[in-house]
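Heads up, the thing below is written out as C-alpha cells.
Please treat every number below as a calculation from the coordinates, not as lab data. All values reported here derive from a predicted model rather than from experimental measurement. Cβ: placed from backbone, ideal geometry, glycine included. Neighbour counts: every protein chain shown.
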Amino acid sequence: MWKSQFISVILPTYNEKDSIAGVIGELFDTGLVDEVLVVNNNAAPGTSDEVARTPAREVHEPLQGYGNAIRCGFREARGDLIIVCEPDGTFFGKDVIKLLAFSDDFDVVYGTRTSEEFIWTGANMGFFLKWGNYAVAKMMEFLFNTVCLTDVGCTYRLIKRPALREIEPHFTVGGSHFGPEMMLITVLKRMKIVQIPVNYRPRVGESAVTGDLVKAFFLGLRMIGMIWGFWLRRFGRRLSGRPMFAEPSVQPGTPP
C-alpha cells in the first residue's frame, strides 16, 4: 500500500523464465506492492511453474505482442496505482519507491534509462539505443511542447486509475511500440506527467527486440512515424475545429 492506495505491478512475460521469480520477489520485498500480475503472452515453457512458486497472480493473453499483454494487464489489475515493469531483471524492484513518491503530484510517472549514472555496466544501452531513444523523446517533446522527455522506450512506469480510465479507450497498438503510444495520448490529454531516472541493469537472457540492432532500428522508425502521425492528426483536427479524442477509435479489449 502507498498512503492507503492499493498497488499493482504488471509484468508481461514472453521469454523471461529464468528471471521472473527473482523480479517478483524484489517487488514484494519492497513492502509496498500489494499485487504482482503476470501476463503470460505465450511465454516460454516452464514460466508458469516459476510464477507458481511466488505470490504473483498469472493471467494469459493469447494475442501476441507487448501492447496486447499490457492492455490485458490494465484490464485485470486491481490497483489504485498501477505500475508496469519488466520481468527480465533490467529494472530494480526498489525503484517503485521513486515512482510512488512522484505519484503524489502526477497522474503518470514515466521512467527513463538514459541517465548515465543509472546505467549499469553490461546493460543493453549502447550508443545507438541510448541516443536514439533520447533523440526521439526530444522530438516528441518539441512537437507537442510538453515536459522534459529523455527516453521514448522505457517501459517502467506508473499510472493512476482515473488517468488509465481516461486514456484506455484510445489504445490501438498491440505491438512493441505501445509504450510511446501511451505516452503520446497522455501528452495530448494534457495530463500531469513527469519522467524520472531509473536504474537499468543487464538483462537475464536475450531480448527479442533490443537485442537485435536491426529490429531496434526499424522499431525506432515505427515510433517516429507514429509520433508524426499523431502530430499531423492533431494539426488537421485543429484546422477543422474538432477535438483530438472526440470518439475512441478502439474500445478497451478490442484487438488492434
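Could you size up the charge dipole of the chain around its Cα centre, putting +1 on the beta carbon of Lys and Arg and -1 on that of Asp and Glu, and report it in debye to the nearest 20? Provide the component values of the computation, followed by the final result.
Details: 28 positive and 28 negative charges, 226 e Å.
My answer is approximately 1080 debye.
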Once you place label points 7 Å from the Cα toward the Cβ at residue 52 and residue 1, how far apart are they in nm? 3.3 nm
Would you list, by chain and number, the lysines whose Cα falls below 30 Å from the Cα of residue 138, excluding same-chain residues fewer than 8 positions away? 94, 98, 130, 160, 189, 192, 215
Which whole-number percentage describes the relative contact order of region 4-91, with Cα contacts under 8 Å and a sequence gap of 6 or more? 45 percent
Separation between Cα centres of region 1-47 and region 122-178, rounded to whole Å: 21 Å
Once residue 148 and residue 115 are pulled to full extension, the length gained, defined as 0.36 nm per residue separation minus their Cα-Cα distance, is 10.6 nm
Picking from 36, 204, 214, which is most flexible by a Gaussian network model of the chain using Cα springs under 10 Å? 214
For region 103-152, what's the relative contact order in percent, using C-alpha pairs closer than 8 Å and at least 6 residues apart? 36 percent
For 16, 168, which order do you get if you count the other beta carbons within 10 Å of each Cβ and list the fewest first? 168, 16
Per principal axis, descending, Cα span of region 1-40 in whole Å: 34, 17, 7
Taking R0 as 30 Å, what's the FRET efficiency between residue 190 and residue 101 from their Cβ-Cβ distance, rounded to 0.05? 0.85
Measuring from the longest principal axis of the C-alpha atoms of the chain, the long axis of helix 20-29 (C-alpha) lies at a number of degrees, nearest 10, equal to 90 degrees
Once amide hydrogens are built 1.01 Å from N within the peptide plane, the residues lying 5 or more places from residue 124 or on another chain with amide H under 5 Å from its amide H are 203
Rg and Dmax in Å for region 18-111, alpha carbons only: what are they? 13.2, 41
Taking the dipole about the Cα centre of region 7-238, with the C-beta of Lys and Arg at +1 and of Asp and Glu at -1, give me whichever of 164, 43, 21 is farthest to the positive side. 164
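Sorting 193, 83 on the 10 Å Cβ count, fewest up front, what's the list? Can you show the working numbers first?
Values: 193 21, 83 26.
Ordered from fewest to most neighbouring Cβ atoms within 10 Å, 193, 83 come out as 193, 83.
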Overall dimensions of the chain by Cα: Rg and Dmax, Å: 17.3, 56
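Over its Cα atoms, what ratio of radius of gyration to 2.2 N^0.38 Å does region 144-240 give? Before the final figure, lay out each step's value.
On the way: Rg = 14.8 Å, N = 97, 2.2 N^0.38 = 12.5 Å.
In units of the 2.2 N^0.38 Å rule of thumb, it is 1.18.
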Relative contact order of region 61-214, defined on C-alpha pairs under 8 angstrom at six or more residues apart (%): 40 percent
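Starting with the fewest neighbours, write out 28, 128 ranked by other beta-carbon atoms found within 10 Å of each beta-carbon.
Values: 28 17, 128 13.
Least crowded to most crowded, the residues run 128, 28.
Which value at 222 nm does the chain reach when only helices count, each DSSP H run of 4 or more adding -39,500 (n - 2.57), with the total divided by all residues and rounded to the nearest 500 deg cm²/dmol?
Details: 8 runs with 99 residues, N = 256.
Roughly -12000 deg cm²/dmol at 222 nm, from the helical runs in the chain.
Over all directions, average the projected area of the Cα convex hull of region 48-157 and note it in nm². Could you put the intermediate results ahead of the total?
Working: hull surface 35.9 nm².
For region 48-157, averaging the hull's shadow over all directions gives 9.0 nm².
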Helix 66-76 against the longest principal axis of the chain: what's the angle in degrees, Cα atoms only, rounded to the nearest 10? 80 degrees
